[in-house]
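Report on the following structure.
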Amino acid sequence: MPETTRTTRATEATGPARRSLGTGPGRLLVALYGIFTVAAASRSLYQVIAQFDRAPLAYGLSAVSAVVYGFITFSLVRGGEGARRAAFVCCALELLGVFGIGTWTLLDPSAFPDATVWSDYGMGYLFIPVFLPVTGLLWLRRSRMERTAA
């Protein structure tokens, strides 16, 4: 069977081809989310194993941030409308988390004897945790508008 026939049939069976959201400038976004996934996961894994009794709330929130970063990375690479929607929701929740935890760490520092990725609005990470979800939301919005226009 010719290659074009197989491709056409596969597209008909699965719907329109998925376009990765990690193409073009989105590659930088995927790279940053990947780096933050590894950084947050390795940091929280060590903290949960070696020091959990010292600051369980902070270390648990670092683990949650690692899961969020990983899911967004996966969704951006996967592409497709469902993945775009999931990434959009996770970026919005991430931004709420950064602002919520950032504000909480400023108002009640005693609740956080050790920092999380989102402490002080990500100050320990050069405030990238604030800019990353904003950039992600803008990129996802732009990719949706491009897809709608096409």
Rg ratio (alpha-carbon, reference 2.2 N^0.38 Å) - the stretch 58-112: 1.32
Proxy reagent accessibility, fewest Cβ within 10 Å first, across SER65, SER42: SER42, SER65
For peptides 28-36, 105-113, 44-52, sequence by mean Cβ density within 10 Å, most packed first: 28-36, 44-52, 105-113
Cα-based equivalent ellipsoid, the stretch 24-149: semi-axes from gyration tensor eigenvalues, Å: 28, 15, 11
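Just so you know, all these numbers are worked out from the coordinates, no wet-lab data involved. Here the structure is a predicted model, which is why all the values come from computation and not from measurement. All Cβ positions, glycine included, derive from the backbone under ideal geometry; neighbour counts span all protein chains shown.
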